[in-house]
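Visitor: Take this structure first; my questions come after.
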Amino acid sequence: MNEWAANSNWPLVGHAEASAAVRAAIVQDRIPHAWLITGPEGVGRTTLALLIAQALNCERQREQRPCGTCDSCKRIAARNHPDVLVADMAWQHTMVGSGSGERAKVRQRFSIDAIRWLRGDIVMRPIQGRWKVQILDDAGLFSHDAPDAFLKVLEEPPPYAVLILVAESVDQAPETIRSRCRHIALGLVSAAEIVSALRHRGVDAEQATQLAQIARGRVGWVFDALHQPDLLLQRRVALETAFEHLTTPLGRAAITGVIAGSHAKKRDDTYTLLAHWVGMWRDALLLQVGLGDALHYPELGARLADWSARFDVPTIVDALAATQRCLHDLDTNVQARIALQAMVTRWPS
Amino acid sequence: MRVTCNQDDLHKALGTAGRAVAAKSTMPVLGNYLLEAADAHLTVSATNLEIGISCTIPATVDKPGRVTLQARVLNELVANLSAPTVELRQEQNPLTVLVEAGHSRAHLRGIDPDEFPRPTATLSDEPALRLDPSALRDAIAQVVFAAASDDSRPILAGVQFEARDSIVQMAAADGFRMSLRTLPLDEEVRQPLSIIIPARAMSELQRVLADITEPVELRVTPNASQIVITGPAVAFISRLIDGAFPDLKQVVPRQWNTRTVILREQLLDATRRATIFARSSNDVVKLEICPADSGLDMGRVTISANAADTGDNRDDVDAQVEGGEMQIAFNGRFLHDVLSVIRSTSVALELQGPNSAGVIRPVDSDDFTHVIMPMVIGS
């Protein structure tokens, strides 16, 4: 991969193995018509999909693809290429409408109309490039009958077509679709790789280390945070709030009162808080057993250590389990107030 | 860019090119016109990636250049200008354009013209075909309505366009009906051609051709991805559909048991009346064909429809009938569609039986064939 990376523009952080597999396919000109890229959000799935599209349509010699500098590469990076389509929920909303009210909520998945649109589009030959590429950014989100409609394209794709499905995990795609795709699995990116990528972009060592630690392998988040300092601030505020709720009696009262009361309207907020609490109990556990360098929330480290020092390991494990149980309960529609109260009463004080 | 042109010319060019502006797209630049000024011409282009239309108008070019401007805004603005000439001038900020006409001044903000999709690859000088615009328009009208309008079979949403020897043949089908049309050419085709053009693009081409009187030239890009049709001041580009079009000629029934020649207008009027009643009963329109009793009489076609909650209607139309009696039912809308695009005074209806496809052709020429599947009627 390194030799290739030297010749071409490959701004994917980490994922050496996946990059090598993609490279082999492109250099040998054995292009699968369908790819399935899986991995957690933010590790570079869409970046890889766009890189494949660039490599396929790049105007340079094969060894130098993707160059990142030709008209085709630039258009693809700007998502402005006539033959490369990134279909995501925002695209679906614009192109086939998502209805309003209740219907809009249902349409958080690829609808059959969207798939039909894509099918009608794929039969038209590419205009500017050699390949027509459709990237389905979150293919885990097919609505009920959409996979069957999509299968027709996967079974007999036109010779110039490449479909790239992006999904959270391989289980999200139905077996019929999975078996027709070249699967590329992306894992989390190691902190060392993120640090080195950040250093490469001129970020100083201290900030790079800090960002890499917070990122937890989601390199996309790091780059977002670099360009939007607000994100770091928002995260800080969210963490402080969550920590306050966790550690103070008044905060805990708010969980069973205000937060439980507004859960129906602000579901996402409750889930974010719960995810933070899970992370904090996990950190407390790590601190107890002396693994302080693997914390999710290094910026809370010292305060969390002070506060949690008085709990023993079984107590923390129990609190962690209670928090996870609450997440599960909310998913299965247990009344929010009861689920949250049950959780808080199992937390040690 | 600094260019002056006639307001009326510009308005017309914006209107024609505007047919190709993307109504919805995730690429904002597709909602814009590309304006290019060079060599005493202003060219207005728009594309939605499926079709593209460019119109060229005469203009005084003080400074050549290119800009993109929001289609809806520019179109409305120019339509409402009262001065005879319009000046377009790029401001200090190259993405802003000053539009000045008489005492009216407006600033429009655009998008970088480099974001606009590149025009199609270089084409050969010699066109693949030269066609008469009004003949082409008529031919399109006779086939395009038979193409599939849903997306379930993308290939059938196109019109097959074949050229060889000295004819063009166009075909479209949606599974219930099909149209075949031949168009004679003045010259021999140098390179046989077989492509599938999206039906939506054909309908737009039909509109564009309405304003053209001189022959148009047709070219296909070397990789067969696009077709380009150019007239004196307009260029129309469409993407092509890839795939194998079914061989429709095989589907045309070769024999008939009853052949009816009938005045087209009379049958069309009767069909119109019948569809009113057929609306709530799946558009079923019944045709009963009776041959003449003797050599002195005319035969008769009875066109009827009924709906339980609306009522019913019958029309008797005189016709020349060869062969035996026949009863058949068609979708009234389909019948109406085909009868409206045939030009001849009389049409021939050739039938094999109540459950076989029916053929409709004009009687004075053999360049058009339409086939409709019958609907099943209870006994």
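The values are calculated or read from the model by the stated rules, or taken from the named source; none is laboratory data. Because the structure is predicted, anything quoted here is derived from the model rather than measured. Cβ sites come from the backbone with ideal geometry, for glycine too, and all protein chains shown count toward neighbours. SASA here: full protein model, heavy atoms, side chains in, ligands and nucleic acids out. Shrake-Rupley method; radii C 1.70, N 1.55, O 1.52, S 1.80 Å.
Visitor: Contact list please: Cβ distance under 8 Å, first residue in the range A:68-84 and more than 22 Å from B:S225 (Cα to Cα) and of a type outside the set (A, V, I, L, M), second residue open to solvent by 10 Å² or more (accessible area, probe 1.4 Å) and assigned to a helix (DSSP H, G or I), pairs at least six apart or on different chains.
Guide: Cβ pairs passing all conditions: A:G68/A:Q54; A:G68/A:K74; A:G68/A:A77.
Visitor: Search the range A:188-244 for residues being in contact with a Gly (Cβ under 9 Å, 6 or more places away or on another chain) and of a type in the set (S, T, Y), and hand back the single one that is farthest from A:G279 (Cα to Cα).
Guide: Once the filter is applied, the top-ranked residue is A:S190.
Visitor: Among A:L300, A:L286, which is modelled with pLDDT of 85 or more, open to solvent by less than 40 Å² (accessible area, probe 1.4 Å) and aliphatic (A, V, I, L, M)?
Guide: A:L286
Visitor: Within the range A:300-313, is even one residue within 25 Å of the chain's Cα centre (by Cα) and over 16 Å from A:R346 (Cβ atoms)?
Guide: yes
Visitor: Read through the list (1) of a type in the set (A, V, I, L, M); (2) within 11 Å of another protein chain (Cβ to nearest Cβ); (3) surrounded by fewer than 24 Cβ atoms within 10 Å (Cβ to Cβ), then give the number of the only condition that B:A40 fails.
Guide: Unmet for B:A40, out of (1) of a type in the set (A, V, I, L, M); (2) within 11 Å of another protein chain (Cβ to nearest Cβ); (3) surrounded by fewer than 24 Cβ atoms within 10 Å (Cβ to Cβ): (2).
Visitor: Give all pairs with beta carbons closer than 8 Å in which a residue from the range B:126-148 that is more than 16 Å from B:I197 (Cα to Cα) meets a residue that is in a helix (DSSP H, G or I); count only pairs at least 6 apart in sequence or on separate chains.
Guide: Hits for this filter: B:P133/B:L209; B:S134/B:L209.
Visitor: So in the range B:149-168, with the set limited to residues that are farther than 13 Å from B:L248 by Cβ and open to solvent by less than 10 Å² (accessible area, probe 1.4 Å), which one is nearest to the other protein chains (Cβ to nearest Cβ)?
Guide: The selected residue is B:A163.
Visitor: When only residues in the range B:10-28 that are within 29 Å of B:Q92 (Cβ to Cβ) and open to solvent by less than 50 Å² (accessible area, probe 1.4 Å) count, which is modelled with the lowest pLDDT?
Guide: B:M27
Visitor: Take B:T4 and tell me if it is in contact with a strand residue (DSSP E or B) (Cβ under 8 Å, 6 or more places away or on another chain), open to solvent by 40 Å² or more (accessible area, probe 1.4 Å) and at pLDDT 95 or above. It would help to see each step written out before you state the result.
Guide: Working: in contact with a strand residue (DSSP E or B) (Cβ under 8 Å, 6 or more places away or on another chain): yes; open to solvent by 40 Å² or more (accessible area, probe 1.4 Å): no; at pLDDT 95 or above: yes.
No: the conditions fail for B:T4.
Visitor: In the range A:127-204, which helices (runs of 4 or more DSSP H) lie fully inside it and hold 3 or more residues that are within 14 Å of chain B (Cβ to nearest Cβ) and open to solvent by 10 Å² or more (accessible area, probe 1.4 Å)?
Guide: A:146-155
Visitor: Of A:G279, A:G290, which residue is closer than 30 Å to A:M343 by Cα, out of contact with any helix residue (DSSP H, G or I) (no Cβ under 8 Å at 6 or more places or on another chain), outside any helix (DSSP H, G or I) and not aliphatic (A, V, I, L, M)?
Guide: Values: A:G279 fails: outside any helix (DSSP H, G or I).
The unique qualifying residue is A:G290.
Visitor: Could you check the range A:65-78 and list, in sequence order, the residues that are under 17 Å from B:T26 (Cβ atoms), open to solvent by 10 Å² or more (accessible area, probe 1.4 Å) and either in a helix (DSSP H, G or I) or out of contact with any helix residue (DSSP H, G or I) (no Cβ under 8 Å at 6 or more places or on another chain) (or both)?
Guide: Selection gives A:R75, A:A77.
Visitor: When the range B:4-27 is examined, which residues are found to be away from every other protein chain (no Cβ under 14 Å) and either free of Cβ contacts under 8 Å to residues at least 12 places away in the same chain or not hydrophobic (A, V, I, L, M, F, W, C) (or both)?
Guide: B:T4, B:N6, B:Q7, B:D8, B:D9, B:H11, B:K12, B:G15, B:T16, B:G18, B:R19
Visitor: Here is a further query. Scan the range B:343-362 residue by residue and report those that are over 21 Å from B:K286 (Cβ atoms) and either among the hydroxyl-bearing types (S, T, Y) or touching a helix residue (DSSP H, G or I) at 6+ places or on another chain (Cβ under 9 Å) (or both). Step through it out loud before you land on a result.
Guide: So in the range B:343-362, the residues over 21 Å from B:K286 (Cβ atoms) come out as B:343-346, B:361-362.
B:R343, B:S344, B:T345, B:S346, B:P362 - these are the residues of the range B:343-362 that are over 21 Å from B:K286 (Cβ atoms) and either among the hydroxyl-bearing types (S, T, Y) or touching a helix residue (DSSP H, G or I) at 6+ places or on another chain (Cβ under 9 Å) (or both).
Visitor: Continuing with the same structure: Output the number of the condition that B:G311 fails; it satisfies all remaining conditions of (1) touching a strand residue (DSSP E or B) at 6+ places or on another chain (Cβ under 8 Å); (2) closer than 17 Å to B:V284 by Cβ.
Guide: Unmet for B:G311, out of (1) touching a strand residue (DSSP E or B) at 6+ places or on another chain (Cβ under 8 Å); (2) closer than 17 Å to B:V284 by Cβ: (1).
Visitor: Looking at (1) closer than 30 Å to A:P147 by Cβ; (2) among the small types (G, A, S); (3) under 20 Å from the mean Cα position of the chain (by Cα), which is the one condition that is false for A:A212?
Guide: Checking A:A212 against (1) closer than 30 Å to A:P147 by Cβ; (2) among the small types (G, A, S); (3) under 20 Å from the mean Cα position of the chain (by Cα), the one that fails is (1).
Visitor: Applying the selection to the range B:235-257, what residues are crowded, with 21+ Cβ neighbours inside 10 Å and not in a loop (DSSP other than H, G, I, E, B)? Before you say what the answer is, go through the steps one by one.
Guide: First, the residues of the range B:235-257 that are crowded, with 21+ Cβ neighbours inside 10 Å: B:235-242.
Within the range B:235-257, B:A235, B:F236, B:I237, B:S238, B:R239, B:I241 qualify.
Visitor: How many residues does the range A:311-349 contain that are charged (D, E, K, R) and open to solvent by less than 30 Å² (accessible area, probe 1.4 Å)?
Guide: Number of matching residues: 1.
Visitor: Moving to a separate point now. Going through B:P133, B:P117 one at a time, which residue ends up being touching an Asp or Glu at 6+ places or on another chain (Cβ under 9 Å) and open to solvent by less than 40 Å² (accessible area, probe 1.4 Å)?
Guide: None of the others qualify; the one that does is B:P133.
Visitor: Tell me yes or no: at least one residue of the range B:307-315 is within 14 Å of chain A (Cβ to nearest Cβ), touching a residue at least 40 places away in the same chain (Cβ under 8 Å) and assigned to a strand (DSSP E or B).
Guide: Scanning the range B:307-315 turns up no residue that is within 14 Å of chain A (Cβ to nearest Cβ), touching a residue at least 40 places away in the same chain (Cβ under 8 Å) and assigned to a strand (DSSP E or B).
Visitor: Within the range B:170-204, how many residues are touching a Ser or Thr at 6+ places or on another chain (Cβ under 7 Å) and either in a helix (DSSP H, G or I) or without any contact (Cβ under 8 Å) to a residue 24 or more places away in the chain (or both)?
Guide: Of the residues in that region, 2 qualify.
Visitor: So which residues in the range A:86-95 are among the hydrophobic types (A, V, I, L, M, F, W, C), open to solvent by 30 Å² or more (accessible area, probe 1.4 Å) and at the interface with chain B (Cβ under 9 Å from one of its Cβ atoms), if there are any at all?
Guide: The answer is A:A90, and nothing else.
Visitor: Ok, one more. Would you check which residues across the range A:25-63 are in a helix (DSSP H, G or I), closer than 21 Å to A:L85 by Cα and either aromatic (F, W, Y) or open to solvent by 30 Å² or more (accessible area, probe 1.4 Å) (or both) and list them?
Guide: Of everything in the range A:25-63, just one residue is in a helix (DSSP H, G or I), closer than 21 Å to A:L85 by Cα and either aromatic (F, W, Y) or open to solvent by 30 Å² or more (accessible area, probe 1.4 Å) (or both), namely A:T47.
Visitor: Is the range B:344-360 home to any residue that is surrounded by fewer than 17 Cβ atoms within 10 Å (Cβ to Cβ) and under 20 Å from B:T182 (Cβ atoms)?
Guide: Yes, the range B:344-360 has at least one match.
Visitor: Then there is this: Somewhere in the range A:239-253, is a residue in the same structural domain as A:I316 (by TED's automatic domain parsing), over 24 Å from A:D329 (Cα atoms) and either open to solvent by less than 30 Å² (accessible area, probe 1.4 Å) or not hydroxyl-bearing (S, T, Y) (or both)?
Guide: yes
Visitor: What's the total number of residues in the range A:216-239 that are in a helix (DSSP H, G or I) and either in contact (Cβ under 8 Å) with a residue 24 or more places away in the chain or of a type in the set (D, E) (or both)?
Guide: 10
Visitor: Output the number of residues of the range B:87-122 satisfying the condition of being under 33 Å from the mean Cα position of the chain (by Cα) and hydrophobic (A, V, I, L, M, F, W, C). Can you show your working first?
Guide: The initial filter retains those residues of the range B:87-122 that are under 33 Å from the mean Cα position of the chain (by Cα), namely B:110-122.
Next cut, hydrophobic (A, V, I, L, M, F, W, C) only: B:111, B:116, B:121.
Total meeting the criteria: 3.
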